[in-house]
1. For the stretch 15-159, what are Rg and Dmax over the alpha carbons, in angstrom?
2. What is the Cα centroid distance between the stretch 43-112 and the stretch 271-308, reported in whole angstrom?
3. When a/c reaches 1.5 or more, the comparison of a/b and b/c decides; with that in mind, is the stretch 131-190 rounded, prolate or oblate per its Cα gyration tensor?
4. Could you tell me what % of all Cα pairs in the stretch 115-230 have separations over 17 Å?
5. Cut-off under 18 Å on the C-alpha distance; same-chain residues fewer than 8 positions from residue 51 excluded. Which lysines are left, in chain and number order?
6. Please give the solvent-accessible surface of residue 21 in Å², to the nearest 10, using a probe radius of 1.4 Å with every protein chain present.
7. Report relative contact order for the chain in percent, whole number only (criteria: Cα-Cα under 8 Å, sequence separation at least 6).
8. At 1.4 Å probe size, put 183, 27, 142 in order of accessible surface, largest to smallest.
Amino acid sequence: MIYVLQLSPYAPNEINEELEKCTPLARYWELQQDEELRAQILPNIRIVATKGDMGLPSELMAELPNLELIVVYGAGYDKIDLQQARDRNIIITTTPDALTEAVADHVVGLALASSRRIAEGDRFIRNGDWLNGKLGIGYSLRGKTLGIFGYGRIGRKTAEILGDTFGMQVLYCDRSADPKQDRQCRSSPLELASESDVLVIAASGSPDTKNIIDINILEALGPNGLLINIARGSLVNTQHLITALESRKLGAAALDVFPDEPNVPNELISSPYTTLTPHLASATRETRVEMGRQVIENISSYRKNGEVFNRLIF
Ligand code: 8YV
């Protein structure tokens, strides 16, 4: 009997092939339009295999009366209805360790792409602008202050790379850290931003952090400041970000995540002060294969003996 529902294909394709070998499964994107098939399959589903940026819509969760386990390929769980999962005793697993390095590396890439005008330089050549003059100069990250909002695995790895290798001074703000206990810790994102040249958003998306990065924080980061977001688009107030960039009260933004992906506001697309990537911070082959391996291991183990790894406590 089919009881795993895969919500969307994984990349690279070998993960889909391995998953199919380990368990009979239904592919949601294939049965989505077929009411009869949905009615036949959904009541039998006990495990959903999803992705961090996709989660599991509340309505679909409600259509799965026998759901026991949600296996997330990714670290984020902001798009899962945690209340419903809690009420129904549904287990959730994620793959947080697998992507720490890839995401931290992407922060470094975005910091360099923006500060050294790499993406802009690429456009400059392709548009033929070099023929009419030179692109302006950038700036060095070395010796500057890095503020990290959300000091979990990714925040710490970013601090390690940019602190040790680029000699940046590291400050952070995290809800579970006490500024009295650590002189690098700041009590609020506003305080953090006012002392930072580069502010990295690495906290989880949740109702508590929605729009937490507002105009005051962006202006505190200042006209020479760089905002980098690799967490979730929901943490940054997009309208405030557009206003801060357009009024030149914020220097630049390098963004991998957006509130309504894949839709990106035109103001961010056309701005000369943004560097944009399409939610690919964890998208290395090595990382994605490991994320897929952990998804498959969790499903196999749960089917065998009811045990899982990296169970989320929520
Ligand atoms: C993944 C993510 O790209 O881990 C997360 O929560 O958003 C991303 O790292 C995503 O899960 C894969 O689609």
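The values are calculated or read from the model by the stated rules, or taken from the named source; none is laboratory data. Predicted model, so just to flag it, every value in this text is computed and none were measured. Neighbour counts run over all protein chains shown; Cβ positions are idealised from the backbone, glycine included. The accessibility values were calculated without ligands, DNA or RNA, using every heavy atom of the protein model including side chains. Shrake-Rupley method; radii C 1.70, N 1.55, O 1.52, S 1.80 Å.
1. Rg, Dmax (Cα atoms, Å): 22.2, 65.
2. 10
3. Prolate is the answer for the stretch 131-190, as a/c is 1.5 or above and a/b outweighs b/c.
4. 59
5. Reachable lysines: 79.
6. 150
7. Averaging sequence separation for qualifying contacts and normalising by length gives 17 percent for the chain.
8. 183, 142, 27
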